[in-house]
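The values are calculated or read from the model by the stated rules, or taken from the named source; none is laboratory data. In this text the structure is predicted, and so the values were computed from the model without any measurement. Don't worry about glycine lacking a Cβ; one is built from the backbone with ideal geometry, like all the others, and counts go over all protein chains shown.
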């Protein structure tokens, strides 16, 4: 029953020798950072079972299912034997991973520098003495933030609120927006008796009737406030109460971009006009903030141009609305900039930028001191973040900087994009709407149909590559920041092999 | 300017010699577990600055304030030099801690067994290879849960959903309740076109108009769904949009209980009748679930009798409403039972029980398989918990069990309660409504006014004890599970000294 397909994969790599050569030259022949971290990283996938998940994965998963909802499982992971860009499953299969725990793993599996951070005395203390950070901050929390999360802050941002997940990063940003807008009109402290009484009954004027505007196909999380702004798929939202908050269209661009310049500009102008019409159809102040992703990731890797986002920034300023940029999935380097919204070259930075995933920590950046409510205990909870996560984020940031991983990811992405362009020319029905040019490895394309996409993901796993989808029929690439031309070639070989069949 | 008050504290301990003796006998002369873990635990507080926070705390906090909202800070903590029940601040003051990071630290600061867990290979892997647990579960996650979080499950609970904070534990429980109730009436899979379309606009019927009922003065978190059920203080809720969900009265008991048996029974009957009236004033099915704390902790340590909670369980069954018990603050031993709701002796367990704080991990327990939605990806997010937290929770559970810490906490609590009763007799205006008899160390009392309470907390810090408030004028005790009669005596001595002045 068992077979070893490593020879097959090896043949494929040889078949793509020219691509491999191009890859090497595209990154200037630089020394591999992946090889520095991971001298024993596999050169190619190894499959030891007929299919993935194999029998051990399935048995372990069946058992786990008796106590935990694991029905979304692709396979059971053996993290101890995962190395760099390669994930090992419980059966011993080793797959090139371009999904990376849903866009999370920044520096590969078992990164030795992260291991140093994870086994440091400050980590042990953070884990066993978990602080209520706002009431009893630890003496070194400022330094941990300054050397990591804050050193990585986007241009124009000087403060951070630390949270625990992307959802609560966004929701605490929404809370900041609501309190900020209320303070502008009423003052921050002088609550009326009517406000104090009505708020305890969840009624206005104490409870706000202001709103957060989000965009069609946007994804901002799964808790009640964040889910009210999530517009990706019905299954994410069904049967859950939601706030009656406004939604605006997000551009649907045509590809290749250079063949649809005029149509795409019109589409973005249409969406900006629709946005302003929605804004002006509400009373002034009714929309406290908008939230928008640089690339709508769960919603199908939908891009828009810097001009679109500049237009949004201008309109939010014009109408006195805060702009929250959700970089939960796009942040920390994969786009070829540390923050994807740096691609826009805004003169006027967003009001808040949220982060999570690749930083293994969560929260939001801001600069306006008024986004910190005028009283303590309003933006507050027991933990207010987690130093153990901030320590890991610090180590991630320092490694990214030391090794120029953002620039390297941009280079790898350029190479990978060009190769995929060639494949798309060869298989125009199977690779449609390729997107992510000059956007690092944050690359995606559409398949003919949802069924074709799901088949492709499965076949890619059978060819030794763990890869994810998003939207209805999109394949999204979300490799580590250590994904280099050699890894890209493994991916390309497997893809061509699957497409050819 | 600096003074050392340790001699003062020492004198106070001598002054309470009889109490100390009683304490020793009340725990059967058992060997101190605190001393086993912490041979170098201080015997009493040491203050080296004129007041707390001292100058170093203030300077560090000022700096932290430039990047992080720390205006709620009591003082800056030096976790490295905190030991057992004693917290050290940045100035070197060592305070007996009966607040414990807002009811969180279960086994004292720098517990050596938790250190072993925090420095284990599985912890390092969990930290540097953070999994998307529902898609790529790690091979040992079932075992980590089974040996820890699940071994600790309340009676009648066999499954767990792991989350990241108390707020998201409650909100994911609410989501489970909404999906469960919708599936009962509609079926789980057959969404209508109208549902599929309306839900994307946050409108019914796809978005639910069902509700979660909570109780006056209850606290269930700070995100949008949980905050809609939080009814503790206006400042927690002001300016934040909230769902128009129902609220019911919670009993306001009179103390001492044995002098107000009839009135308290009437008060609880009144609240149960009001609850049923609210339920029947809504259409059947409109209230998906209720959420209730065994003791309303943030709201002022408000207790109710087991009969009240049995009544709630009966009424929820009668009206087909789910019952969620929020044990975020009460869970994991402090009440003298592992779960506080075990005091009720329910024949029919709650539908869900949420946890966080003392477990250093978060989530909810349940048993009905239908509370796991019929499709994957409905109760879902990127991380679905955090193995690093589950590993710590496992170590906590195992130490609690090995050392009978729940039983010991019950014994210490009985001793402490009796001593506080004596103090209350001596200072009846200053210690009012003492509560928490036979409820472990989960003890509280009221002061004359909010001002008196706040003064008391400050003066206690000046006497070397870190102690917290809740509600309007309540002092709450939240020591570790290693708080023994000797520690209780330090607390009692400091309290008597402060009350006497």
Among residues of region B:141-158, those that are surrounded by fewer than 24 Cβ atoms within 10 Å (Cβ to Cβ), at the interface with chain A (Cβ under 7 Å from one of its Cβ atoms) and in contact with a strand residue (DSSP E or B) (Cβ under 7 Å, 6 or more places away or on another chain), counted: 1
Condition check for residue B:206: farther than 23 Å from residue A:218 by Cα and crowded, with 18+ Cβ neighbours inside 10 Å: no
Number of the condition not met by residue A:132 [criteria: (1) touching a residue at least 60 places away in the same chain (Cβ under 8 Å); (2) surrounded by fewer than 24 Cβ atoms within 10 Å (Cβ to Cβ)]: (2)
Meets criteria (surrounded by 24 or more Cβ atoms within 10 Å (Cβ to Cβ), more than 30 Å from residue B:74 (Cβ to Cβ) and within 7 Å of chain B (Cβ to nearest Cβ)) for residue A:109: yes
In region B:68-93, the residues that are surrounded by 18 or more Cβ atoms within 10 Å (Cβ to Cβ), within 8 Å of chain A (Cβ to nearest Cβ) and in contact with a helix residue (DSSP H, G or I) (Cβ under 7 Å, 6 or more places away or on another chain): B:68, B:70, B:73, B:75, B:76, B:79, B:90
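How about region B:369-413: which of its residues are in contact with a strand residue (DSSP E or B) (Cβ under 8 Å, 6 or more places away or on another chain) and more than 14 Å from every other protein chain (Cβ to nearest Cβ)?
First, the residues of region B:369-413 that are in contact with a strand residue (DSSP E or B) (Cβ under 8 Å, 6 or more places away or on another chain): B:369, B:371-372, B:379, B:384-387, B:389-390, B:409, B:412-413.
Once the filter is applied, which keeps residues that are in contact with a strand residue (DSSP E or B) (Cβ under 8 Å, 6 or more places away or on another chain) and more than 14 Å from every other protein chain (Cβ to nearest Cβ), region B:369-413 yields B:409, B:412, B:413.
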Within region A:171-197, tally of residues that are closer than 23 Å to residue B:211 by Cβ, within 38 Å of the chain's Cα centre (by Cα) and more than 7 Å from chain B (Cβ to nearest Cβ): 1
Residues within region B:113-135 that are under 21 Å from residue B:358 (Cα atoms), in a loop (DSSP other than H, G, I, E, B) and within 8 Å of chain A (Cβ to nearest Cβ), tallied: 1
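Just to be sure before I move on: is residue B:138 facing chain A (nearest Cβ under 7 Å) and in contact with a strand residue (DSSP E or B) (Cβ under 8 Å, 6 or more places away or on another chain) in the structure I sent? Show your work before the answer.
Numbers: facing chain A (nearest Cβ under 7 Å): yes; in contact with a strand residue (DSSP E or B) (Cβ under 8 Å, 6 or more places away or on another chain): yes.
Against the criterion (facing chain A (nearest Cβ under 7 Å) and in contact with a strand residue (DSSP E or B) (Cβ under 8 Å, 6 or more places away or on another chain)), residue B:138 qualifies.
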Those residues of region A:159-190 which are surrounded by 24 or more Cβ atoms within 10 Å (Cβ to Cβ) and in a loop (DSSP other than H, G, I, E, B), in sequence order: A:164, A:165
Single match in A:107, A:127 (criterion: modelled with pLDDT of 95 or more and closer than 30 Å to residue A:47 by Cβ): A:107
Subset of region A:298-309 (residues that are under 21 Å from the mean Cα position of the chain (by Cα) and either part of a helix (DSSP H, G or I) or within 23 Å of residue A:282 (Cβ to Cβ) (or both)): A:304, A:306, A:308, A:309
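Among the candidates A:276, A:267, A:252, A:263, which residue alone is within 23 Å of the chain's Cα centre (by Cα), more than 14 Å from chain B (Cβ to nearest Cβ) and either in a helix (DSSP H, G or I) or free of Cβ contacts under 8 Å to residues at least 60 places away in the same chain (or both)?
On the way: A:276 fails: within 23 Å of the chain's Cα centre (by Cα); A:267 fails: within 23 Å of the chain's Cα centre (by Cα); A:263 fails: within 23 Å of the chain's Cα centre (by Cα).
Matching residue, one of A:276, A:267, A:252, A:263: A:252.
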Residue count for region A:202-225, restricted to those that are closer than 18 Å to residue A:356 by Cα and either in contact with a strand residue (DSSP E or B) (Cβ under 6 Å, 6 or more places away or on another chain) or more than 9 Å from chain B (Cβ to nearest Cβ) (or both): 3
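Can you give me the number of residues within region B:226-244 that are more than 7 Å from chain A (Cβ to nearest Cβ) and surrounded by 24 or more Cβ atoms within 10 Å (Cβ to Cβ)? Give the steps one after another, and end with the answer.
Step one: of region B:226-244, the residues more than 7 Å from chain A (Cβ to nearest Cβ) are B:226-227, B:229-230, B:232-233, B:236.
Narrowing further to those that are surrounded by 24 or more Cβ atoms within 10 Å (Cβ to Cβ): B:226-227, B:229-230.
Number of matching residues: 4.
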